[in-house]
Amino acid sequence: MQYEYERAAFIHAFIRTKQAMLKDQLEGVSGDEMELKETFWDNVTMNFSNTEDAQETISSIKQQAELLNERERSGELMKKQMSTLRRLADSPYFGRIDMKEKGEDRQRRCTLVWLL
């Protein structure tokens, strides 16, 4: 039982550490996303004087849009992971052991529960 209690405490600490790391990463991604939105048009060269320049302009816009989209997807994924970790941290750690003694027909069920 002591091992299970220590294991539950370890898992709980691991979840809290992972939450803190994700929070820092999410803040960074959110900052990047805000900066990309604010400077989107500053990072695009607009030139439609000929076909080649127009294609370069379109390419530049697509590149900026893809970069912004990637940051948004990363942020959403991290938010989902944070939500999952929050639910895990608030859940009890539990286990069940079914024991059957040699020569007996019936099993004995033991349930272990710790609320962290």
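Points to keep in mind about this one:
- Degrees between helix 51-89 axis and first principal axis of the chain (Cα, 0 to 90, nearest 10): 20
- Cα-based reach from Lys23 at 22 Å (exclusive), listing lysines while leaving out same-chain residues under 8 positions away: Lys37, Lys79, Lys80
- Entry note, the chain: the mean residue ellipticity at 222 nm calculated from DSSP H runs of n ≥ 4, each adding -39500 (n - 2.57), is -24500 deg cm²/dmol after division by the residues and rounding to the nearest 500.
- Dipole-positive endmost among Gly31, Ala20, Cys110 within the chain (Cβ charges, Cα centre): Cys110
- Just checking the listed ones, Glu104, Glu66, Glu76: in the Gaussian network model of the chain with Cα springs under 10 Å, the one fluctuating most is Glu104.
- Where only C-alpha atoms are counted, convex hull volume of the chain per residue in Å³: 141
- Put a dot 7 Å past the Cα of Glu104, heading toward its Cβ, do the same for Ile11, and the two dots end up 2.6 nm apart.
Coordinate-derived values only; no laboratory data. Every value quoted in this text rests on a predicted model; they were computed, and no experiment measured them. All Cβ positions, glycine included, derive from the backbone under ideal geometry; neighbour counts span all protein chains shown.
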